[in-house]
Amino acid sequence: MRKATAYHDALGDFFAKHADTSPYNAYTDRPAMLRLAGDVSGARILDAGCGAGHYAAELSARGAQVVGIEGSATLLRHAQARVNGHAELLLHDLEEPLDFAADASFDGAVCALVYEHIRNRVQLLGELRRVLRPGGWLLVSTTHPTADWRHFGGSYFSHDWRDLPLGDGELSIHYQRMPLETFLGELLAAGFVLEQLVEPRPAAGLREVDEAAYDKLHQAPSFLTVKLRRP
Ligand SMILES: C[S@@+](CC[C@H](N)C(=O)[O-])C[C@H]1O[C@@H](n2cnc3c(N)ncnc32)[C@H](O)[C@@H]1O
C-alpha cells in the first residue's frame, strides 16, 4: 500500500504548531512566497495543500478570495479555526482531479511545500493549468534539492521517496527528493512559463528570535520558490 503523504492526526497537529513560528515556514518560505504573490487584492486564489491555513488567512487578509484544499482532516480543522470563515476550505486529495473547480476560475494558485509530496504531479499541474485563467500565476515552493542532498546524501540526482523525521523523530513526512532539473522541467513541460526563481533567505525578524537559525538559513538554502504564468 502507498504511504499517505497528507499530514494526518498527530503529524497534522505537530505541523500546525510548527508552521506558526518555525524559522523555515514562518520566516523563510512564507515571506518569500507572499512577496512573489504581490498585490492579491480582489484575486481569486487556490491554495493547494493549505495545511493549517497560514497562507489562506494571510491572502484573505490582503483582500483575496481564497479557496483552500487539503488532504488532512486534522489540518483542515486547524485551517478552519485560523481563517474563521474568511476562506472556503475543502477536504481534497491532490492526487485526484480538481473536479470542484471550473476552467479558468482562479487568478492565482499557491502550492507551498506540497509539490514533493504528490505522486501524480503531471495530473496536478494539468489541473492547475486548467483552473487558472490565461495570464494567471502559480507559486510553487519546495525543499531545496541541495538541502535534501545535504540531509540524505547519496546522489544529487536521486528521485527516491524518503522519510524526513520531524521534532523528536517520532513523526516523519514522506516525500520525493528530486534534482532542480526535474522540479523545473516538470513545471515547464506542463506549459507554465517561469517568471521568477528565488532561493529564500530568512526574514530579518528571525535574527531577534533565533540568531543561530538566522545565520544557518543565510548560508545554506532550505527552499526553492518559483513564480510561473499560465500563458
Ligand atoms: C509542508 S505542509 C505545507 C502546508 C501549507 N501549504 C503551508 O505551507 O503551511 C504539506 C501539506 O501538504 C498536504 N498534502 C500532502 N499530500 C497531500 C495530498 N495528496 N492531498 C492533499 N494534501 C496533501 C499535507 O497534509 C500538508 O498540509
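Could you pull the accessible area for LEU90 with a 1.4 Å probe, rounded to 10 Å²?
For LEU90, solvent-accessible area is about 50 Å².
Leaving out ligands, DNA and RNA, and with a 1.4 Å probe, what % of the accessible surface on the chain is carbon or sulfur?
51 percent
Using only the alpha carbon atoms of the chain, find the Kirkwood hydrodynamic radius as the inverse mean reciprocal pair distance, in angstroms to one decimal.
17.8 Å
Can you spot the aspartates and glutamates whose alpha carbon is less than 19 Å from LYS227's alpha carbon? Ignore those fewer than 8 places along the same chain.
Filter leaves ASP29, ASP39, ASP47, GLU58, ASP107, GLU116, GLU127, GLU181, GLU186, GLU195, GLU199.
In straight Cα distance, which lysines are under 24 Å from LYS17, not counting same-chain residues fewer than 8 positions off?
Those lysines meeting the cut-off are LYS3, LYS216.
With +1 on each Lys and Arg Cβ and -1 on each Asp and Glu Cβ, and nothing else charged, work out how big the dipole of the chain is about its Cα centre, in Debye to the nearest 20.
Dipole magnitude for the chain comes out near 480 debye.
Could you state the number of Å between the C-alpha centres of the stretch 93-142 and the stretch 19-82?
Cα centroid to Cα centroid, the span is 15 Å.
How far apart, in nanometres, would the label points at SER105 and ARG119 be if each is projected 7 angstrom from Cα along the Cα-to-Cβ direction?
Output for this residue pair reads 2.7 nm.
Can you tell me the length gained on complete extension of the stretch ASP39 to VAL198, counting 0.36 nm per residue apart and subtracting the Cα distance?
Between ASP39 and VAL198, full extension yields 55.5 nm more.
If you restrict to DSSP beta bridges whose two residues both lie in the chain, what percentage is antiparallel, to the nearest 5?
50 percent
Take each complete run of DSSP H in the chain, measure how far its Cα atoms stretch along the helix's own axis, and keep only those covering 18 Å or more with mean Kyte-Doolittle hydropathy at least -1.0; list them.
9-21
Loop-only check: which GluC sites (Glu not before Pro) in the stretch 118-181 are DSSP coil with at most 11 other Cβ within 10 angstrom?
Within the stretch 118-181, the qualifying GluC sites (Glu not before Pro) (loop, at most 11 other Cβ atoms within 10 Å) are GLU170.
Can you pull the one-decimal nm distance between simple spin-label points at LYS17 and ASP160, each 7 Å off the Cα toward Cβ?
That separation, rounded to one decimal, is 3.0 nm.
How many Å² of accessible area per residue for the stretch 9-229, probe 1.4 Å?
Counting only protein heavy atoms, the per-residue value for the stretch 9-229 is 44 Å².
The values are calculated or read from the model by the stated rules, or taken from the named source; none is laboratory data. Computed from a prediction, not measured in an experiment: that's the story for all the values here. Neighbour counts are summed over all protein chains in view; Cβ atoms, including those assigned to glycine, are modelled from backbone coordinates with ideal geometry. Just the protein is used for accessible areas: all its heavy atoms, side chains included, with ligands, DNA and RNA removed. Shrake-Rupley method; radii C 1.70, N 1.55, O 1.52, S 1.80 Å.
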